[in-house]
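Encoded as structure tokens, the structure appears first; notes follow it.
The values are calculated or read from the model by the stated rules, or taken from the named source; none is laboratory data. All figures in this text were calculated on a predicted structure; none of them were measured in a lab. In this analysis, Cβ positions are derived from the backbone assuming ideal geometry, glycine residues included, and neighbour counts consider all displayed protein chains. The area values use the complete protein model at the heavy-atom level, side chains included, leaving out ligands, DNA and RNA. Shrake-Rupley method; radii C 1.70, N 1.55, O 1.52, S 1.80 Å.
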Amino acid sequence: MNNRIVILIELLLAIGLYFVYIQPTYSNTVVPLNSQIAKTEEAKIVAKNYSKKESQITQQYMKISPSEHARLNSFLPAASHNVHFLYDVSNLAANSGFALSKFSENSQNISPQRGVKTSGPTLKISTITLSGKGSYQSFRTFLDGLERSLRIVDIQSINISTENYVSSKNQKNTPSYTYKIVLKVYWLSDSHSI
């Protein structure tokens, strides 16, 4: 009988020890660790998928020829390069007989749609306002050259005002106009994207 009482006390002590020490310790430390392990395993799977996708994109990128890389970078550059763009526009204007006189620039971000996650570079816009003088034909030549540019350029507005006729001894009178042009130029904000 004494043995049974000792066994019963040991059993009650083991059950009490389980509920007082083992179960709370298990619930407070082991369960959170198991959830962290599951999250870590999930993160490993996501990282592995990301690495696979990155290697696929890198392989596709390496298949593009260097000339196409240069063309892509001039089409949608990874930086603003407004000085280079304005230099190109100035050369284009000079070659077409159109004289640029003023310019101003304003940059802005294009924000993604609400609820859409973006992991890549963001698209940015520079609004550039140009003013210049010249004949209608020189302005048309300038716009034609701007249209054939590899950069993405949207012409937002054109304002034209009349100037006096230009006359010289050897040339007949040709009208001269003052033009104000508002352009939007696009580029990527992250230089590591292309």
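Whose amide H sits under 5 Å from the amide H of Ser107, counting only residues 5 or more places off or on another chain, with H placed in the peptide plane?
Thr127
Ser96: net charge of surrounding residues, Cβ under 15 Å, Lys/Arg +1, Asp/Glu -1, itself excluded? Walk me through the numbers on the way to the answer.
Values: positive: Lys133, Arg140, Arg148; negative: Asp88, Asp144, Glu147.
Counting the neighbours of Ser96, the net charge comes to 0.
At 0.36 nm per residue, minus the direct Cα-Cα distance, what do Ser35 and Ser149 gain on full extension? Give it in nm, one decimal, please. Display every interim value, and only then the final one.
On the way: separation 114, 0.36 × 114 = 41.04 nm, distance 5.56 nm.
Additional length available on full extension: 35.5 nm.
Working out 0.36 nm times the residue gap between Met62 and Val46, then minus their Cα-Cα distance, what length gain in nm do you get to one decimal?
3.4 nm
Amide H to amide H under 5 Å from Ser135: which residues, 5+ apart in sequence or cross-chain, H placed 1.01 Å off N in plane?
It is Tyr177, by chain and number.
Sticking with the crude label model, points 7 Å out along Cα→Cβ, report the distance from Asn2 to Arg71 in nm, one decimal please.
Taking the simple label geometry, Asn2 and Arg71 are separated by 10.1 nm.
Each residue of the stretch 176-181 in order: what ³J(HN,Hα) in whole Hz does its phi give by Karplus 6.51 cos²θ - 1.76 cosθ + 1.60, θ = phi - 60°, with x for Gly and Pro?
After applying 6.51 cos²θ - 1.76 cosθ + 1.60, I find 10, 10, 9, 10, 10, 10 Hz.
With every protein chain left in place, what is the accessible area per residue of the stretch 3-107 in square angstrom, probe 1.4 Å? Let's see the in-between values first.
Values: 8620 Å² over 105 residues.
Heavy-atom accessible area per residue stands at 82 Å².
Using θ = phi - 60° and the Karplus relation 6.51 cos²θ - 1.76 cosθ + 1.60, list the HN-Hα couplings for the stretch 51-59 in order, rounded to whole Hz, with x at every Gly or Pro.
4, 4, 5, 5, 5, 4, 5, 4, 5
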